[in-house]
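**Q** Below is a structure I'd like to ask you about.
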Amino acid sequence: MALCLAGLSSAAWAQSDADSSTSTHRTHKSAKPKAPKSSKKDGSKKESAKKESAKRGHADKAEASDEEDAGKPVQIATFGDWGAFLAEGKEKTCYVLAEPKERVPDKLKRDPAYIFISSRPDENIHNEVSVTMGFEMKDGGDAEADVAGTTYDLVSKGPNAWIKNPAQEAQFISALKKNAKLVVKATSVKGHTTTDSYSLAGLSQALERANKECR
């Protein structure tokens, strides 16, 4: 089963406003110069220059496209309900991802939810846990993750949440590896409390595979 990457997008928290500027164009009367007559030879040179410019343009576009593709995540393996991904751009990112198996209330309309465990070696970040809930939460609002009866507080920002106490992250991941189910509860800005249940089948293998790429 191939897992789809959430339009991270989820990670596009910052919005930028376009600055508008006006410029004043000065006009004046002047004698219009006559265009020089071009010979067939000159026309041939111009045509050749145009073709060369077009070739360079296509080459630049192809290079930009290659750079863009290089930064896109690729699913390198699937284990149980978890996928292992790798993105190689200017900085390498490796992560595992899963979608909830059950969402309550099931009739509540919201965007897809995911849990990520990611590593970015260039930033010296390893096994960082983040959750995308699929709806806006109050910044710093109530959210928690439960594994086999042990609760971990989450800190929220927009549709995303992280382990509130980073010192508990390793303990949390260890608990995930040893158990079969993760339950995440959070409250939206509209006051709706939701519960997402994740299967942990395949997590250990997926995490091991992803971390091999980011050692």
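FYI, it's all coordinate maths here, none of it is from the lab. Worth saying up front: this structure is predicted, and the values here are computed from it rather than measured. Please note: Cβ atoms are built from the backbone with ideal geometry, for glycine as well, and neighbour counts cover all protein chains shown.
**Q** Viscosity 1.306 mPa s, temperature 10 °C: give me the Stokes-Einstein translational D for the stretch 72-213 in µm²/s, with Rh taken as the Kirkwood radius over C-alpha pairs.
**A** For these conditions, the coefficient is 104 µm²/s.
**Q** So, one more: What is the extension gain from K164 to I125, computed as 0.36 nm multiplied by their sequence separation minus the C-alpha to C-alpha distance, in nm to one decimal?
**A** So the extension gain works out to 12.4 nm.
**Q** I've got another one for you. Starting from the Cα of E144, step 7 Å along the direction of its Cβ; do the same at R215; then give the gap between the two resulting points in nm.
**A** In this crude label model, E144 to R215 measures out at 3.9 nm.
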